[in-house]
Amino acid sequence: MPKDTLTITDNRTGKSYEIPIQNGTIRALDLRQIKMSQEDFGLMTYDPAFTNTAACKSAITYIDGDKGILNYRGYPIEQLAEKSNYLEVAYLILNGELPTRSQHEDWVHQITTHTLLHENIKKFMEGFWHDAHPMGMLVSTVGALSTFYPDAKEITNPESRRWQSVRLIAKMPTLAAFAYRYSIGRPYAYPDNELSYTGNFLNMMFKLTELKYRPTPVLERALDVLFILHADHEQNCSTSAMRGVGSSQVDPYSAVAAATAALYGPLHGGANEMVIRMLREIGSLARVPEFIKRVKAGERRLMGFGHRVYKNYDPRARIIKEMADQVFVEMGKNSLLEIALELEKIALEDEYFVSRKLYPNVDFYSGLIYQSMGFPLDLFPSLFAIPRTAGWMAQWEEMLRDPETKIARPRQIYLGSPPRNYVPIAERETPGRKAAGI
Ligand SMILES: CC(C)(COP(=O)(O)OP(=O)(O)OC[C@H]1O[C@@H](n2cnc3c(N)ncnc32)[C@H](O)[C@@H]1OP(=O)(O)O)[C@@H](O)C(=O)NCCC(=O)NCCS
């Protein structure tokens, strides 16, 4: 019987080590028994950006990047996008099972009745500069919620944890919408409990003087599907931030602020905004080949293309592309669409992109839809943060329940100076140091 072990032979000593293989991985700590020298504490692995390191066990989201598969709790994303709704998916992600009818009703009721913010939050929003980026405001205000809910520190209490998930999922749309309304000088629009999760978000964003805001059904559903597609994506940059920061046992509002900050970056949740900026910069079909040339020369990145895990068409991009057509019928064609389609056509045939397995990701088309729906560019990352909150909270919950969880603390390879003695300031300006510009 072949054993599920890996044999490592240290050529320096001739010694062999049997390292167990479990779930297709070896434990990095099992390498510690291999010493580089007598005093060495043991062999480590070097993996900047964790490209080949599993940092946790998880039962939430499954991705097969080569085949382009994405499942939440075992359910294919295509089925959820077609048949489910965002709040049901959020329940599934958090609890592991689809809700029964009564569980669903309770859950929707709890979320709907926790959308209001404390009035003081409006006051500190007013401290921001008039054209503050709404994502910067979201990062700060969600972190500040921890001061309104001190019970959130009880992270070992499952009931308290559940309530923080309800509050966060309920209040993120209100925070994002208030940040937007502040940045354009409009009065805040309060939540409307008669509307759906996404219908209410559209209400808080776009309501003007009408007594009752009525969302356009196609847009309400399109946004709901986009929220489903963004609900979780296993150990991405912001989720790793959530788990990493959460592992210090801080309250979940502070950890979500860290995750939101990670999502703000242009290589992560900021990419959909950057796609629109890129399409605007290209400006016309005639300039597409020139832009592709610059990407291939390494001068630019084709935003909305490529993914750390998907080496195939991102399944979410396929769903979004189909949905874009329905939105464009309602709102009129987005003038940037033909540039996007041309970029995609060229890139999918070009050797540079094909050999690197660079395909459109979720952000390539989502920005076009958001723009057609009337969302301003700088709100796009917030539109990612709102639905991802369910994923962050589910991953946080899973981390806290995992008996193997410890505070996240990677190692390093120290390549700096060997020990040396402190030099008094008067002795530092030697001619040698001056010549070296130190
Ligand atoms: C998502 C992303 C950060 C993943 O990066 P990664 O896994 O670290 O991949 P790498 O940066 O190692 O890229 C591998 C190769 O493809 C190239 N590449 C990756 N994404 C590219 C892009 N969008 N445009 C052009 N070239 C790209 C790299 O230059 C590199 O080429 P090389 O081997 O000749 O040096 C990256 O693809 C990217 O920057 N995409 C654009 C931003 C984006 O859309 N982000 C949203 C993700 S959902």
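The values are calculated or read from the model by the stated rules, or taken from the named source; none is laboratory data. All values reported here derive from a predicted model rather than from experimental measurement. So basically every Cβ, Gly included, is an ideal-geometry build from the backbone, and we count neighbours across all protein chains shown. In case anyone asks, the SASA skips ligands and DNA or RNA and just uses the protein heavy atoms, side chains included. Shrake-Rupley method; radii C 1.70, N 1.55, O 1.52, S 1.80 Å.
If I take R0 = 30 Å and measure r between the Cβ atoms of residue 287 and residue 351 in this structure, what FRET efficiency does the formula 1/(1 + (r/R0)^6) give, to the nearest 0.05?
Working: r = 21 Å, r/R0 = 0.70.
Efficiency, rounded to the nearest 0.05: 0.90.
Annotation for residue 75 and residue 29: the two label points, set 7 Å from Cα along the Cα-Cβ direction, are 3.6 nm apart.
Note on residue 123 and residue 147: their simple-model spin labels are 1.0 nm apart, each label 7 Å out from Cα toward Cβ.
The GNM of the chain, with springs linking C-alpha atoms under 10 angstrom apart, assigns the highest mean-square fluctuation among 248, 165, 417 to 417.
Take the Cα of residue 8, step 7 Å toward its Cβ, do the same at residue 39, and the gap between the two points is 2.2 nm.
Provide 233, 130, 307 ordered by accessible surface of protein heavy atoms (probe 1.4 Å), highest first. Write down the numbers at each step before the final one.
Working: 233 15, 130 115, 307 50 Å².
Sorted descending by solvent-accessible area, the residues read 130, 307, 233.
Note on the range 338-438: the C-alpha convex hull projects to 15.7 nm² when averaged across all orientations. Based on DSSP H segments of at least four residues, each scored -39500 (n - 2.57), the chain has a per-residue ellipticity at 222 nm of -15500 deg cm²/dmol.
For a quick check of your reading of the filter: which trypsin sites (Lys or Arg not before Pro) in the range 192-276 sit in a DSSP loop and have no more than 11 other Cβ atoms within 10 Å? Show your work: numbers first, answer last.
Numbers: sites: 207, 212, 221, 243; in loops: 207, 212.
Answer in residue order: 212.
Screening the chain for whole DSSP H helices with an alpha carbon extent of at least 20 angstrom along the helix axis and a mean Kyte-Doolittle hydropathy of at least -1.0 yields 134-148, 158-183, 315-331, 380-401.
Shape call for the range 77-225 from the C-alpha gyration tensor, a ≥ b ≥ c root eigenvalues: rounded (a/c under 1.5), prolate (a/b greater than b/c) or oblate? Because a/c hits 1.5 or more and a/b fails to exceed b/c, the range 77-225 counts as oblate. Coupling constants for the range 415-424 follow from the phi torsions by the Karplus curve (6.51 cos²θ - 1.76 cosθ + 1.60, θ = phi - 60°), and in residue order they are 10, x, 5, x, x, 8, 8, 4, 10, x Hz; glycine and proline get x. Comparing mean-square fluctuations of 333, 406, 35 from a GNM of the chain with C-alpha springs under 10 Å, the top value falls on 35. Let's test this: bin the Cα-Cα distances of the range 1-81 at 10 Å from zero up to the farthest pair and state each bin's percent. Histogramming the range 1-81 at 10 Å steps yields 14, 33, 28, 16, 8, 2 percent.
Here's how it looks for residue 69: its modeled amide H is under 5 Å from those of 64, which are all 5 or more places away or on a different chain.
Pull out a ≥ b ≥ c, the square roots of the eigenvalues of the alpha-carbon gyration tensor of the range 52-121, then state rounded if a/c is under 1.5, prolate if not and a/b is larger than b/c, and oblate in the remaining case. Taking the square roots of the gyration eigenvalues as a ≥ b ≥ c, the range 52-121 is prolate. Against the criterion of solvent-accessible heavy-atom surface with a 1.4 angstrom probe, 16, 254 sort, most first, into 16, 254. Report the local net charge at residue 400: Lys and Arg +1, Asp and Glu -1, summed over other residues whose C-beta lies under 15 Å from its C-beta. Summing Lys and Arg as +1 and Asp and Glu as -1 gives 0.
In this structure the range 178-333 gives 43 Å² per residue of accessible area when probed at 1.4 Å with all protein chains present.
At a 1.4 Å probe radius, carbon and sulfur cover how many percent of the accessible area of the range 239-379? Don't jump to the answer; show the numbers that get you there.
On the way: 3050 of 6030 Å².
Carbon and sulfur: 51 percent of the exposed surface of the range 239-379.
For residue 5, the amide hydrogen comes within under 5 Å of the amide hydrogens of 21, counting only partners 5 or more places away or on other chains and with H modelled in the peptide plane. Applying the criteria of a DSSP loop state and at most 14 other Cβ atoms within 10 Å to the GluC sites (Glu not before Pro) of the range 256-350 yields 299.
GluC sites (Glu not before Pro), restricted to the range 170-254: which are DSSP loop and have at most 14 other Cβ atoms within 10 Å? Intermediate results must be reported in sequence, preceding the final value.
Values: sites: 194, 210, 220, 234; in loops: 194, 210, 234.
Here the sparse-neighbourhood loop sites are 194, 210.
For the chain, relative contact order (Cα pairs under 8 Å, six or more residues apart, normalised by length) works out to 19 percent. Within the chain, all pairs of alpha-carbon atoms sorted by distance into 10 Å bins from zero give the percentages 4, 18, 27, 23, 16, 9, 3, 1, 0. Relative to the current alpha-carbon distance between residue 401 and residue 106, full extension at 0.36 nm per residue lengthens the span by 103.8 nm. Fully extending the segment from residue 22 to residue 328, taken as 0.36 nm per residue of separation minus the present Cα-Cα distance, adds 105.3 nm.
For every other residue with a beta carbon closer than 11 angstrom to the beta carbon of residue 363, add +1 if it is Lys or Arg and -1 if Asp or Glu, then tell me the sum.
Details: positive: 316; negative: 273, 314.
With Lys, Arg at +1 and Asp, Glu at -1, the neighbours total -1.
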